[in-house]
Amino acid sequence: MVIEADISHIKLIAEIEKENFQKPWSYNSIYEEFMNQDSAIYVFLEKNQVAGYLIYRWMLDEVELLDISVKKDFRRCGIADRLMEFLIEQSKSCHIFLEVRQDNAPALNLYKKKGFRKIGLRKNYYSQGIDGFVMKLYVQGVQDVKNESGCCARAVGIQ
């Protein structure tokens, strides 16, 4: 089940970060996003535990996926897929973009499966000189330039 994160989830998210990444987000970085009115953090609960999470930010007429991760004990259970479906549903009529390590095959496969396309390359973007791909999910019928209506909503429960 996907729910909006509360303050008690930040420590658990930081622990998953440390478990999964060489350069994890700090507790303070996660907290800053939690407090940012343009950002949203959601957790996936499985067996009463935080099994995964996603962090994203609304930027004009786009949504930027900042971070998504699943606890090692819960991998290969479809949690990342369900989190991405949730993000796509929340984004309504907004394009979604993200950056991903070029050597992160599981993430690349997930994003391609969801319809994301590579639109750019960031040379030496990650540690050890690893390049990053910029990927975007285009929503049919939505232009790249913000118009009067913009992209409809922010996070769930806020307008």
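The values are calculated or read from the model by the stated rules, or taken from the named source; none is laboratory data. Not measured: the values here are computed from a predicted model. Positions of Cβ are backbone-derived with ideal geometry, glycine not excepted, and every protein chain shown enters the neighbour counts.
Quick grid of which residues meet (1) surrounded by 14 or more Cβ atoms within 10 Å (Cβ to Cβ); (2) not hydrophobic (A, V, I, L, M, F, W, C):
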| position | (1), (2) |
| --- | --- |
| A80 | yes, no |
| F86 | yes, no |
| S93 | yes, yes |
| A105 | no, no |
| N109 | no, yes |
| R117 | no, yes |
| L121 | no, no |
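Counting only strands (runs of 3 or more DSSP E) that sit wholly inside region 79-140, those with at least 3 residues that are touching a Gly at 6+ places or on another chain (Cβ under 7 Å) and over 17 Å from L54 (Cβ atoms) are 117-126.
The residues on offer are K71, K112, and the sole one that is in contact with a strand residue (DSSP E or B) (Cβ under 9 Å, 6 or more places away or on another chain), in contact (Cβ under 8 Å) with a residue 40 or more places away in the chain and of a type in the set (K, R) is K71.
Six or more apart or on different chains, Cβ under 9 Å: which pairs go from a residue in region 1-27 that's closer than 25 Å to I130 by Cβ to one that's of a type in the set (K, R) and modelled with pLDDT under 95? Could you list them? From region 1-27, the pairs are I16/K72; E19/K72; N20/K72.
Cβ separations smaller than 6 Å between residues 6+ apart or across chains give the following pairs from region 86-103 residues that are on the phi < 0 side of the Ramachandran plot and at pLDDT below 90 to residues that are of a type in the set (V, I, T) and part of a strand (DSSP E or B): S91/V63; C94/V63.
Among the residues of region 1-29, those identified as in a loop (DSSP other than H, G, I, E, B) and not hydroxyl-bearing (S, T, Y) are M1, A5, D6, I7, F21, Q22, K23, P24, W25.
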